[in-house]
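Have a look at the structure below before the remarks.
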Amino acid sequence: MKKTILILGALLLLCAQSAAAETVLISVNQFVEHPALDAVLKGFQDYLAENGVTADYKVHNAQANMGTATQIGQQMIGEKADLLVAIATPSAQATVQALKKAPEDLKRPVLFTAVTDPVAAGLVEAFDKPGDYVTGVSDLLPLDKHLEMVMTFKPDIKKLGVLYNAGEANSKAIVATIKELSGPMGFTVVEATAARTADVYTAAKSLVGRCDAVFIPTDNTIVSALESVLKVGTQNRLPIFAADVDSVERGAVAAMGFDYYKHGYQTGAMAKKIIEGASPASLPVEFQQDLQLQINLEAADAMGAPAPAALIKQAAKLYE
């Protein structure tokens, strides 16, 4: 009997050790807390949990501070995780820079997500050939469809305000594309920038009287302080449109954007491949394709841009 108990104990210990060995450690560098990026992380974690991957997470948040994101990137290298995940362009840049400086024995795969243009941001060499250690999922916007929606919503726009942080590479790329599209679509672009969340309200106020509506790209600094912009829009009946649908629930007029939970879920699928042994070099950068229109009817009325019936019929979700 004693021998049997010892054998059973040894088997239980081996099972526990085996289970522990199968648990992967994932370090996360998230640039700021706001609904879209939080949804990315949740979708990522849910995919792995639902698909048999047991993971422990070390989640770090830079609170929209690039210096902090850089420190987090360096810290993550020392954590010796199995996978490094970077959510949003600034955090991805910080993490990849830390990886480049790391000794060979500390290098780990980096998976980025919610990054607009990973090539322009210096994260990968090309979409189809990302490099040895880095790949991910891009939220590159089909801006022509976004702007078509805005112009359908409010056809009399002659000047479109764009509010962004000029220090975010993804936002600069988006603004450049909006300028390219503006001529053929019949409007000019009025820019306002904010380097910190504390500057967002002042930057938004500077657009009052200078434009007919405001478009907020997937800019982490602006979206994290969205309520400041919405306050300006409501007080001055200046319609605020967004690129991410999570901002519509918070009070933006409308967005033709991605579901960022699904974006994170898709990133989780890539993570599983890497955890199972795939090299990032063998995984081309992926893009999310599914767009959905969401409209906040109350915000539209409050900001002087009632929703057209045709768009209401097309909307995947309405907030009243």
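When the charge dipole of the chain is built from unit charges on Cβ atoms (+1 for Lys and Arg, -1 for Asp and Glu) and taken about the Cα centre, the candidate among TYR260, HIS60, LEU318 whose Cα reaches farthest toward its positive end is HIS60. Dividing the summed helix terms, -39500 (n - 2.57) for each DSSP H run of n ≥ 4, by the number of residues in the chain produces a 222 nm estimate of -14000 deg cm²/dmol to the nearest 500.
Taking the centroid of alpha carbons for each part, the range 253-309 and the range 138-188 are 17 Å apart.
Let me know the shape class of the range 213-320, please: from the alpha-carbon gyration tensor, a ≥ b ≥ c as square roots of the eigenvalues, rounded when a/c is under 1.5, otherwise prolate if a/b is greater than b/c, or oblate.
Verdict is prolate for the range 213-320.
Site pair THR152 and GLU125 shows an inter-label distance of 4.1 nm when each label is modelled 7 Å from Cα along Cα→Cβ.
Rounded to the nearest 10 degrees, the inclination of helix 143-153 to the longest alpha-carbon principal axis of the chain is 40 degrees. Please list, in order, the residues from the range 129-146 whose amide nitrogen is less than 18 Å from a point placed 7 Å along the Cα→Cβ vector of GLU104. From the range 129-146, the list is 132-134. Of PHE153, GLY136, LEU181, which is farthest along the charge dipole of the range 111-247 in the positive direction, counting Lys and Arg as +1 and Asp and Glu as -1 at C-beta? The residue sitting most towards the positive pole is PHE153.
Would you indicate which of (i) 1.00; (ii) 0.96; (iii) 1.12 is the value of Cα Rg over 2.2 N^0.38 Å derived from the coordinates of this structure? Recomputing Cα Rg over 2.2 N^0.38 Å here picks out (iii). Counting 0.36 nm for each residue step from LEU297 to GLN75 and taking away their Cα separation leaves a gain of 75.5 nm. Take the chain with all the other protein chains still there, run a 1.4 Å probe, and you get 44 Å² of accessible area per residue.
Apply the a/c threshold of 1.5 to the C-alpha gyration tensor of the range 120-211 and tell me whether it is rounded, prolate or oblate.
Numbers: a/c = 2.98, a/b = 1.51, b/c = 1.97.
The shape class here is oblate.
Taking all protein chains in place and a 1.4 Å probe, what share, in percent, of the accessible surface of the range 40-189 do carbon and sulfur account for? Answer for the range 40-189: carbon and sulfur cover 49 percent of the accessible area. Would the range 39-121 count as rounded, prolate or oblate if I go by the C-alpha gyration tensor, calling it rounded below 1.5 in a/c and otherwise prolate when a/b exceeds b/c, oblate otherwise? It comes out oblate by the Cα gyration axes. Roughly how tilted is helix 2-22, in degrees to the nearest 10 and between 0 and 90, from the longest Cα axis of the chain? For 2-22 against the chain, the angle is about 30 degrees.
Among the trypsin sites (Lys or Arg not before Pro) in the range 101-195, those placed in a DSSP loop whose Cβ has at most 11 other Cβ atoms within 10 Å are LYS158.
For the range 225-301, with all protein chains in place and a probe radius of 1.4 Å, 46% of the accessible heavy-atom surface sits on carbon or sulfur. Label zone of LEU318 (point 7 Å out along Cα→Cβ, amide N under 12 Å): in the range 280-303 this covers 295-298.
My understanding is that a pair violates if its Cα-Cα distance is over 24 Å; which of LYS107/LYS172; LYS58/LYS272; LYS205/LYS317; LYS129/LYS273; LYS42/LYS313 do that in this structure? The answer is LYS107/LYS172; LYS205/LYS317; LYS42/LYS313. The residues neighbouring PHE258, those whose beta-carbon lies less than 9 Å from its own, together hold a net charge of -3 under the Lys/Arg +1, Asp/Glu -1 convention.
The values are calculated or read from the model by the stated rules, or taken from the named source; none is laboratory data. Predicted model only: the values in this text are computed from it and were never measured. As a convention, Cβ positions derive from the backbone with ideal geometry for all residues, glycine included, and neighbour counts pool all protein chains shown. Surface areas here come from the heavy atoms of the whole protein model, side chains and all, with no ligands, DNA or RNA. Shrake-Rupley method; radii C 1.70, N 1.55, O 1.52, S 1.80 Å.
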